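**Q** Quick one: this structure, given as structure tokens, is what I'll be asking you about.
Computed from the coordinates by the stated procedures, all read-outs in this text should not be read as laboratory data. Just so it is clear, the structure is predicted and the values come from calculations on it, not from any experiment. Reconstructed Cβ throughout: ideal geometry from the backbone, glycine too, with neighbour counts over all protein chains shown.
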Amino acid sequence: MLGPFQGQGETARNREQIADIPPGRGNAGFDVKSGGCSSSEPGLLTANERSPYNPIMKRTAAEERLRTRKKEISTFYHRKGRMPSFSEIGEMLGLSSKSSVHKVVSKLAGAGAVSRDRKGRLIPGSIKSPVKVLGTVEAGFPSPAEEELADTLSLDDLLIQNREATFLLKVSGDSMSGAGILPGDMVIVDKGQTPKSGDIVIAEVDGAWTMKYLRKRGENITLMPANPNYKPIRPKNELKIAGVVTAVVRKYK
């Protein structure tokens with residue numbers, strides 16, 4: 001009858017050498033040569049338990065688990081258009097305690113995947129999935145070009161300067177068609193910017209909301225359309241500017 005390591009001697013010796021265990025010794029005083037047990041050296045670890053690869057495997061498993069959680073939160077963000085709440089994260093990841101959710105969020109924040117605003121709400125970081133920039137395209141005559149990765153770019157970073165002061169509005173009407181803003185477009189509005197003459201603004205004029213060019217001449221203010229079918233608007237009693245239009249987004253498909 002074969003002993004415990006007979007027929008596997010080479011493997012056993014390799015395990016011992018990896019763990020720096022003197023040849024002939026195994027776990028808890030197990031004598032590899034004789035196949036018997038002794039209590040002369042209790043507490044020795046097996047080569048597998050003391051292997052330097054174990055911490056690496058543990059780190060790899062933890063990193064893979066964090067990547068999986070990051071992907072789940074990223075999927076939620078792209079489907080819902082917002083970040084999940086802490087309770088939603090707990091439900092999504094199967095975490096019952098708030099402390100466990102906070103640990104996951106802290107790890108994701110440390111990896112740059114998310115961050116938190118002044119009120120503690122989650123803000124997307126690298127989970128925004130930046131889009132590859134492949135260079136420039138000639139809008140006039142076509143010219144041959146090889147596809148080349150020039151950079152990666154997050155649309156949020158490109159279009160939004162001040163996240164906490166920015167909001168979206170859906171356009172209705174064609175009074176700004178000359179400025180390339182059409183019905184159904186989404187405009188990005190920054191309420192933190194100081195409006196200047198020439199800016200496109202969202203304004204409340206005498207109780208009615210509109211989007212127009214802001215024109216200033218001394219103390220006189222006029223809201224100008226970008227369509228000759230509409231007349232300029234001059235406030236009679238009150239003008240409140242809610243924000244400056246910084247970008248327009250149009251989806252074709």
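**Q** Stokes-Einstein diffusion coefficient for region 153-206 at 37 °C in a medium of 0.692 mPa s, Rh from the Kirkwood formula over Cα pairs: what value in µm²/s?
**A** Details: Rh = 12.7 Å.
The calculation lands on 259 µm²/s.
**Q** Spelling out what I want: for every residue of region 61-78, take phi, set θ = phi - 60°, compute 6.51 cos²θ - 1.76 cosθ + 1.60 (Karplus), and round to whole Hz; glycine and proline get x.
**A** Each residue's phi maps through the Karplus curve to give 5, 5, 5, 5, 5, 5, 4, 5, 5, 4, 5, 5, 5, 4, 4, 4, 4, 6 Hz.
**Q** Using the Karplus curve 6.51 cos²θ - 1.76 cosθ + 1.60 with θ = phi - 60°, work out ³J(HN,Hα) for each residue of region 241-253 in order, rounded to whole Hz, and write x for Gly and Pro.
**A** 9, 8, x, 9, 6, 10, 6, 10, 10, 10, 9, 8, 9
**Q** Explain nothing, just compute: Karplus ³J(HN,Hα) = 6.51 cos²θ - 1.76 cosθ + 1.60, θ = phi - 60°, for every residue of region 121-127 in order, whole Hz, x for Gly and Pro.
**A** 6, 6, 10, x, x, 6, 6
**Q** Taking amide H atoms as placed 1.01 Å from N in the peptide plane, list the residues 5 or more away in sequence, or in a different chain, whose amide H sits under 5 Å from that of Asp185.
**A** So Asp185 has HN proximity to Val171.
**Q** With a sphere of radius 12 Å drawn around the Cβ of Arg215, what net charge do the other residues whose Cβ falls strictly inside it have (Lys, Arg +1; Asp, Glu -1)?
**A** Working: positive: Lys196, Lys212, Lys216, Arg217, Arg234; negative: Asp199.
Summing Lys and Arg as +1 and Asp and Glu as -1 gives +4.
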